[in-house]
Structures are given as C-alpha cells and as structure tokens.
Amino acid sequence: MSMDLTFLGTASCYPMPNRGVSCIVFKSDRQCWMFDCGEGSQTQVMKSCIKAAKVNKIFITHLHGDHLFGLQGFLCTLSQNFPEQKSQQTSQNPSVEIYGPLGLRRYLRTCLELSRSPISFSYVVHELEPVEEQLPQDWEEWHPEHTSSGLLHPGEGEGRTIQRDETGAWHLFEDSRFVVKAGAIYHRVPCFGFIIQEKTLPGKLDAAKLKELGVPPGPLYSRIKQGETVTLDNGQVIDPKDVVGPSRAGRKVVILGDTHDPSPLTSLAQGADVLVHEATLENSMRAKALEVGHSTPEMAATFAKTIGAKSLILTHFSQRYRPLGATLEKGEESVSKLQEEAEAVFGPGDVIAAQDLQTVHVQQPNC
Ligand SMILES: [Zn+2]
Ligand SMILES: [Zn+2]
C-alpha cells in the first residue's frame, strides 16, 4: 500500500511568493491527513496533486501562526467548494477531525464566529491537554483563556479533550490500519510531535502453492491472508500458515512541530522509517536557534540517530535560506547548506531538505 508525504510549505515565519509555511499532507489508501496549516496553505494545495475535499483529518502541532493561520480559510473554502462531498458525514462520523493543543477549539470557533463563516459539513476539534513541563516560563504572563465556551458553531460536533496516558503519549485514534499518537516536544509554547504507526501487515500469499492446492482466486484469498482457516467445497482444509509468508512490520512516520528539544518523544519515535524534523537555522547559529525554540541541522540529525530513524526530512527553514535551485543573491545561502550539515552527522543519502510541493514516498521495509 503506498504511503507518501507531500510538503506544501517548508518555510518558517511567513509565506513568500516561492515558498509556503508549514503544511504537510500524508496520503495512504483513503487517508489524506494534513499536518499543520500555515497561512496560504490552501493555495499550496491548489498547486499540488492533493485533492482538498479528500482531507479528512488535520493535525496542528502548536498554535503559532505559521502552523495555524491557514486553517479557518482552508475550512471555509472546503465548505464553499465541496459542500456535497463533505456534508455526507454525520456529527458521529464527522467529515473533518481536527487535533491540536488546548486552545485550538476556541481559536477556530472565534475566527469562524466573528467572521460569520458557517461551515457546511460536520467537523470536530479534539484538544490535547499539555502537561506542566510543556509550559514556557512566561506562560502565566501570556496565559489567555484557552477553554472554549458557548454554543457549538454550525457544523461543529463535540470534540474530546485528550490527556497524556501512562505511556507518555496522547492517544489520538486507531483504525484498522493505523494508530496515531502525539508526544510532547519542547518549544516556546506547548508543542507536539505526531507518530503515525502502520499496523503489522499480513504476509504475502504464496500464489503458486494456492493454485497447486486448488484454491480458486477471489474472496478466499483475502480471508486466508487475514489468517482465517478455510474449508474448500471438496472438504480440504487450508491452513493460512502453509500458504502465507511471515507478517511484515508496519511503517512509522514521525512528524515534529517546532522544537529545540524533542527528547520527551525519544521512546515513542524509536525506529521511525521517516522523521520530519525542523532545521530553522544553520549550525553556527545554534545559540540563536535555542533562544527562539528552534533546531539546527546538527540537532535534528542527532535526534534522528538517537531514535534510529531510517531517513530524515528537514523542513521549516528560515527565510535566510533560499529554496534549492534558486539564484542566490550576494550574502544569501541555500537550504542545501542545511542538508549538508545534517548529512555530516546522519550520513549522506538519507537526508532530504524538503522543497515545496515535493512528494516523498515512504518505502515498505525490505522492499
Ligand atoms: Zn514555526
Ligand atoms: Zn513555533
């Protein structure tokens, strides 16, 4: 089953004519999930191969504008342009589920209420309640009212409040193919990383052996593949262990929000097939990066090594760094510098400095 990540925006802070801010779309089978929705993300979607109406879950890492300011506009555009596709769902089975830190529900509801923007389809906002150690020192000074009150917005269903469990994770949801969790990472505001874990895949069918045993191709194949013992019309019993190969490990994709220290996520992210990590500033600007809650390529690559990641994708580049292939003016740097700095730690070949509209395929292990 294919699985890929499309980077719709790879800049930090604010969008530019040639580069959007944080927005990544994960696609697999019928799942189309957006991670962060910075200002202008909807126009990036239009430039890409992503079909906006297919987006059924949106995950927001933290409430900084370069990860969030596109959300209300994206939902309004979906509401206007795809009312039929999107309104077939019910409030029990909403069309779009949104996950993000406490305060996200109030933010979105306030934006939509004050701009008098009804949403034609059902959506819910599930909030992740941060823990004490995620709160910055100046939190009390800034502490706004995060809890929403009042009536639900038209289209809005009751969302859940999700707390950290005993394993240190926020368990967001599980279906037949995936388990999605969040974990805390350190930044200037409560911030999360998301872990998409594909479930173990059944082994491959030995088609030659099935033919030899006289099993007709069709529905029986999938029942056997799912581990069911079946009896043929002639009374012969087919045991899956004789005709199905060993099961295969599912893939793990880890997408982090902004961070200067993702260490609380170390065990949850262990063995990631793909780690998406910010690299806002170059190594020589480490002190500045730490001051503003961000990472350098060396920090990203060190974390990737710590968790045994198979590949590392860098994103969230400062506007100091021009996209790959751009003509450099005097004094400008390219994001290729950031890639090289990460490769010096992680090794060449498995580091990508993401570009806007680039799609990266997540390989099946041992393929
Ligand atoms: Zn950011
Ligand atoms: Zn941020």
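We did not get these values from a lab; they are worked out from the coordinates using the rules stated. Remember, predicted model here, so these are calculated numbers, not experimental data. Cβ sites come from the backbone with ideal geometry, for glycine too, and all protein chains shown count toward neighbours.
Listing for the model above:
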{"item": "Given charges at beta-carbon only (K, R positive; D, E negative), |dipole| of the chain in Debye", "result": "1100 debye"}
{"item": "Full-stretch length increase - R30, C13 - with 0.36 nm per residue and alpha-carbon distance subtracted", "result": "3.0 nm"}
{"item": "Packing-based ranking, highest mean first, of 14-20, 226-232, 249-255, 298-304 given that Cβ atoms within 10 Å are counted", "result": "298-304, 249-255, 14-20, 226-232"}
{"item": "0 to 90° range, to nearest 10: angle between helix 335-346 axis and the chain longest Cα axis", "result": "60 degrees"}
{"item": "For region 1-119, radius of gyration divided by Kirkwood radius, i.e. Rg to Rh on alpha-carbons", "result": "0.94"}
{"item": "Trypsin sites (Lys or Arg not before Pro) restricted to region 201-246 and DSSP loop, no more than 16 other C-beta within 10 Å", "result": "K204"}
{"item": "Contact order relative to length of the chain, as percent, for alpha carbon pairs under 8 angstrom and 6 or more apart", "result": "15 percent"}
{"item": "Choice from A353, A279, A287 with maximal GNM fluctuation in the chain (Cα, 10 Å cutoff)", "result": "A287"}
{"item": "Under the Karplus curve 6.51 cos²θ - 1.76 cosθ + 1.60, θ = phi - 60°, whole-Hz ³J(HN,Hα) for region 6-15, x wherever Gly or Pro sits", "result": "10, 8, 8, x, 10, 9, 9, 6, 8, x"}
{"item": "Rounded to 5, percent antiparallel among DSSP beta bridges of region 200-355", "result": "25 percent"}
{"item": "5 angstrom amide H check on T61, placed H, neighbours 5+ away", "result": "D36"}
{"item": "Å³ per residue enclosed by the Cα convex hull of the chain", "result": "168 Å³"}
{"item": "Whole-Å distance, taken between Cα centres, linking region 248-274 and region 300-367", "result": "16 Å"}
{"item": "DSSP bridge pairs, the chain: antiparallel proportion in percent, nearest 5", "result": "55 percent"}
{"item": "Amide proton proximity set for A353, modelled H, under 5 Å, gap of 5+", "result": "L314"}
{"item": "Nearest 10 degrees, 0 to 90: helix 297-306 Cα axis against the chain principal axis", "result": "30 degrees"}
{"item": "Net charge of Cβ neighbours under 12 Å - reference H260; Lys, Arg +1; Asp, Glu -1", "result": "-1"}
{"item": "Value of [θ]222 nm, deg cm²/dmol, for the chain, DSSP H segments ≥ 4, -39500 (n - 2.57) each, nearest 500", "result": "-6000 deg cm²/dmol"}
{"item": "Most fluctuating residue given options L128, L213, L268, as computed from a GNM of the chain linking Cα atoms under 10 Å", "result": "L213"}
{"item": "Degrees, to the nearest 10: 104-114 long Cα axis against longest axis of the chain", "result": "70 degrees"}
{"item": "Positive dipole terminus of the chain, leading residue within G193, L213, G308 (C-beta point charges)", "result": "L213"}
{"item": "Rough spin-label spacing in nm, given labels placed 7 Å along Cα→Cβ, for R160 and D138", "result": "3.5 nm"}
{"item": "Magnitude of the charge dipole, region 198-331, Cβ model with Lys/Arg +1 and Asp/Glu -1, debye to 20", "result": "200 debye"}
{"item": "Selected from S318, Q72, L114, residue furthest toward positive end of dipole (the chain; charges at beta carbon)", "result": "Q72"}
